[in-house]
1. Could you tell me whether GLU133 is more than 27 Å from the chain's Cα centre (by Cα), within 30 Å of VAL39 (Cβ to Cβ) and without any contact (Cβ under 8 Å) to a residue 60 or more places away in the chain?
2. Among the residues that make up segment 376-388, is at least one of them over 25 Å from SER520 (Cβ atoms) and in contact (Cβ under 8 Å) with a residue 40 or more places away in the chain?
3. In segment 21-63, which residues are surrounded by 14 or more Cβ atoms within 10 Å (Cβ to Cβ) and not in a helix (DSSP H, G or I)?
4. Please indicate, with yes or no, whether at least one residue in segment 448-471 is under 22 Å from GLY47 (Cβ atoms), surrounded by fewer than 21 Cβ atoms within 10 Å (Cβ to Cβ) and polar (S, T, N, Q).
5. So ILE11 passes all but one of these: (1) touching a residue at least 24 places away in the same chain (Cβ under 8 Å); (2) surrounded by 12 or more Cβ atoms within 10 Å (Cβ to Cβ); (3) out of contact with any Gly (no Cβ under 9 Å at 6 or more places or on another chain); (4) over 30 Å from ASN494 (Cβ atoms). Which condition number does it fail?
6. Pairs needed: first member in segment 171-195, over 21 Å from LEU209 (Cβ atoms); second member anywhere, among the hydroxyl-bearing types (Ser, Thr, Tyr) and assigned to a loop (DSSP other than H, G, I, E, B); C-beta distance under 9 Å; at least 6 residues apart or different chains.
7. Are there any pairs with C-beta distances below 6 angstrom linking a residue in segment 221-234 that is assigned to a strand (DSSP E or B) and surrounded by 14 or more Cβ atoms within 10 Å (Cβ to Cβ) to a residue that is of a type in the set (S, T, N, Q) and at pLDDT 95 or above, with the two at least 6 apart or on different chains, and if so which?
8. Find the residue count for segment 135-174, including only residues that are hydrophobic (A, V, I, L, M, F, W, C) and exposed (fewer than 14 other Cβ atoms within 10 Å of the Cβ).
Amino acid sequence: MISQTVAVPLIAAFGDVHESTHNILTEMSPGTLAVTRAVPESLISLGPGVHTDITTEGVSLGWTKPEGAGFSGPWEEDELELEVTEITDSFSVTELPEDDFFGPLSLSFAMGGDFLLNSGFEVIDSTVYFEDETFDEVMEDLRIDQIMPPTYNTDFDMVSDESFSRMFFYGFGVPILAAQEEVSTSENGPFVADMPLHSFATRERYRSLGARVHFDSHQQVTAIYDYENETEYKPGDEGWEAAKFLARITCFTLITAREHLIWTHMLGAQPITVNSQTKLPPSHPIRRLLTIHTYRTSTVNANAFSALVPEGSMLHRAGPFEYEGGLKNIFQYSWDTSNIFEPFKTRRINPALQELVDANRFPFVSQGIAYYELVEEFVREWLNESGDQASDTYAMEFYEGMRASTIGQAYEIPEYSGEQDMIDVLTQAIWIVTAWHELVGYVADLNNPKTGAFARISKECDQTQVDAASFIVAELVCASTSIRMPYLMREFPNYFGSGGAPAWERTVWDSFVNKMGELSTVVQNQDEERISAGHPEFKHMDPARFECAVSV
């Protein structure tokens, strides 16, 4: 491990900073200092992806064809050296050796990532808090203000009871509430967001997470049960603000680790990318369909794995958990509970939530299904144009690869029985990396240590504020997940129908984009209707905001 004595030159590397910033830096471990110094600069140098970047000629990973051969080949399969990386004792992630558009991960980056994040620097905890009047100085000195995305929500601080409640009905906590299987008969109301993280081991300085939040029929919080203290708190009780802070921290930590990192990136986008590029030649219509939805994913996920999964990673540093018995067990819990490929439109919603859906007061479900059905129509048309290739040997190998990737999870892709099975997998795949990722990967509302929601709570200090080191590293994690991919509602002129590809691609894609535009108008109108009726906004299911692939 690297000695704490290297902190002095690391602090000097930040240059001339305010005294408030220097005071915080002196309390941070060398590993956290190294990450804080390196990440903003690397993110600032990255520009957003645009739709013209994706070209037919750029798609070839895993396959070669004779010089002078046309669009359709014939293609010959290359032997790619796939790397299988263990996350827990019972689940692993398969990685490609390079990215179709961005090439192999550079040796210097890989070595630097291992050194800075995994084995080079010990996780040394500290607890120091921002002073309100100097917070902006620190964000400016560390260049974090340049890399965090702007929010598209208004009046959302998550501190008041109303704003806190909004987090679960109209914010990033909606997947947890949507998973409530039965209507609660508790006197605290029909809705429950249960987040039992209390059994996952935390480091000595930090209390455990885990809370169960109750809401009434008006979507307002009525009680919070603290699993560690085995105590229920209600509005006005002593400890109520700390209970809300616990629930907020627990919610975002769970969504970040499970729904976002493991479900979306590792169990969703990763097998989509690996199977489409190893099982399907570049001209195959199913690979053509998925190419823009796997754009940059190998690079994105390799970086995400290095930065967020191993012991000593940013997720480990920013959070409260021991690695063994804590974070690693959360990864296993995420695998065991994953239903990421269960078609969204057929998921069960309990009757009380369904009433809210019907009243335009739980738009995650209604708008999510509307978009899912639009994608399903698009996929069906694409496969119809594909003819026999929609179910040829290549297509079946792709499907079986996708099915195998889910064996052992809470939802397993079924054995192939007909075209609808392929439509379900492809539709859900696109839905995951566009609409779902827009929700669970959205972090712009967390840019404040008192109103944010990540990632640990000290036992002996302030129970309603994130400490500075945790907040800074969490900001770096959040900023890293906000590198823009090309927007989905774009033409992609150098790809669809281009480079010898069939003309029908252009027709089918343009029709899909036009229909997404119509749906976007509907979603925006529903938002205005909801706001005019005195209910919160919800912008996460607007296709105009979707990116074509996952970012990190």
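1. The answer is yes for GLU133.
2. Looking for residues that are over 25 Å from SER520 (Cβ atoms) and in contact (Cβ under 8 Å) with a residue 40 or more places away in the chain, one finds at least one in segment 376-388, hence yes.
3. GLU27, MET28, SER29, GLY49, ILE54, THR55, VAL59, SER60, LEU61, GLY62, TRP63 - these are the residues of segment 21-63 that are surrounded by 14 or more Cβ atoms within 10 Å (Cβ to Cβ) and not in a helix (DSSP H, G or I).
4. No, there is no match, as no residue in segment 448-471 is under 22 Å from GLY47 (Cβ atoms), surrounded by fewer than 21 Cβ atoms within 10 Å (Cβ to Cβ) and polar (S, T, N, Q).
5. Condition not satisfied by ILE11: (1).
6. Once the first residue is over 21 Å from LEU209 (Cβ atoms) and sits in segment 171-195, its partners that are among the hydroxyl-bearing types (Ser, Thr, Tyr) and assigned to a loop (DSSP other than H, G, I, E, B) give GLY189/SER217; PRO190/SER184; PRO190/SER217.
7. From segment 221-234, the pairs are VAL221/SER165; THR222/ASN188; ALA223/ASN188.
8. 0
The values are calculated or read from the model by the stated rules, or taken from the named source; none is laboratory data. Please read all numbers here as calculations on a predicted model, not as lab measurements. Counting neighbours? That spans all protein chains shown, and the Cβs are built from the backbone with ideal geometry, glycine included.
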